[in-house]
Amino acid sequence: MSSSTAAFAASQDDVSGAGSDGPVWQFQSAYTADVIGVVHGIDTPAGRFLDNFDASLDGDLERQFGWRGARVHFSLLANGGGEPNAVAGTLQGYDNIEVGSQGVRLYEAWIEQDLADGRASILAGLYDVNSEFYVTEASDLLMAPPFGIGSELAATGPNGPAIFPSTSLAARIRIGSTDRFHVQAAAVNARAGTIGDDGGVDTTIHDGVLYLAEAGWAGPLRIVVGAWRYGEGQEDIRDTLPGCDPALSDAQGAYLVAEGTVFEAKDAPAVRAFLRLGLSDGDTTDFKGGWQTGLRVDSVFDGRPDSAFSIGFHQGLLSDKSKANARDAGTAFGDAEGGIELTYADTLGPFTLQPDLQWIYNPGGDKDRDPILTAGLRLTFTLR
């Protein structure tokens, strides 16, 4: 999930928690524009402009139609501009609103029903897995994609799992509350595709199902453990069948995330920390795991309550098979591609400005490449 979409999701929580005091139907939108590129470490420094528009409509079906405990959510994405990773050539990217295919998409369209007087719920429809699984709020200011969802999961599936910018049909059940203790599981079409993508929404389930399960506890420290597995074998990145078609291997993994407040006092900045660890099979993507950690500081300056600073560190651990493939192609892969990010954001009215710096080593996995330095500026305009 992109950070602009993460902020949008946070505002969705405000809507769902508004209760009878809020409007029955609520529309929200946000426009994000980035200018970002590589300023050091390549022969010809270059950058790109890209943008992302989110719009959502949330409805309380109980208040509108008397359908007790039901709500509906629709959201739309429009993405344009360039592809900054074409300049950098990294494996994980460095701008979380970059897409491979520009255009307008129906991002999410789902209905959620409370059960057991609100102690559980079920959800069905077009769904972004990363809106509720593998999530850390303390990392959502950072722009590098691994801070949204680990690369070992983001790189899976026939065309990626159901995450930004393409979702798929899914069903999710949750018991408990994410504010306290919760257990949740989801079954998601393995082939991502929505209205606006080539082929539209896949209803055949021909490529199988991605299953996810997660349990978490929230208190002074929020801790979540999760696991995922594809129901059908996925193409192996190295092993082949006798006819040279890719062999099929089990694609599965697990993750742990933790976050909490490190420091908080009246009239002082609030500091939160996060840690994310992920592991996967290493047979079906270039990654066998990864980790991300960092800090977020809110209300950095006195009198600027919306000012925020974040620093993050990440590594995508490369699998043995990806290293072997690279050797065959004449490239020496390192053990990981990783980076450090520094970013700051502040809001004035509906506008947020966010400068960003990232240092990335072993870009593209190539240990013989020089590290690169990227610089960017993000402008977000929010309408609620």
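The values are calculated or read from the model by the stated rules, or taken from the named source; none is laboratory data. This structure is a prediction, so every number in the text was calculated from the model and none was measured. Note that each Cβ is placed from the backbone with ideal geometry, even for glycine, and that neighbours are counted across all protein chains shown. Protein only, heavy atoms only, side chains kept; ligands, DNA and RNA dropped before computing areas. Shrake-Rupley method; radii C 1.70, N 1.55, O 1.52, S 1.80 Å.
Where both partners of a DSSP beta bridge lie in segment 140-263, what percent of those bridges are antiparallel, to the nearest 5?
About 95 percent, rounded to the nearest 5.
Given the convex hull over the Cα atoms of segment 143-284, what projected area results after averaging over all orientations, in nm²?
Its average projected convex-hull area is 10.9 nm².
Considering only protein heavy atoms, what is the solvent-accessible area of LEU248 at a probe of 1.4 Å, reported in Å² to the nearest 10?
Accessible area of LEU248: about 120 Å².
Between the DSSP loop rule and a limit of at most 10 other Cβ atoms within 10 Å, which GluC sites (Glu not before Pro) in segment 45-114 are left?
none
Take peptides 180-188, 39-47, 161-169 and line them up by average Cβ neighbours within 10 Å, highest first, as a rough protection proxy.
161-169, 180-188, 39-47
Applying 1/(1 + (r/R0)^6) with R0 = 51 Å to the Cβ-Cβ distance of HIS40 and GLU235, what FRET efficiency is obtained, to the nearest 0.05?
0.90
Per residue, how many Å² of accessible area does the chain show with a 1.4 Å probe?
Each residue of the chain exposes 45 Å² on average to a 1.4 Å probe.
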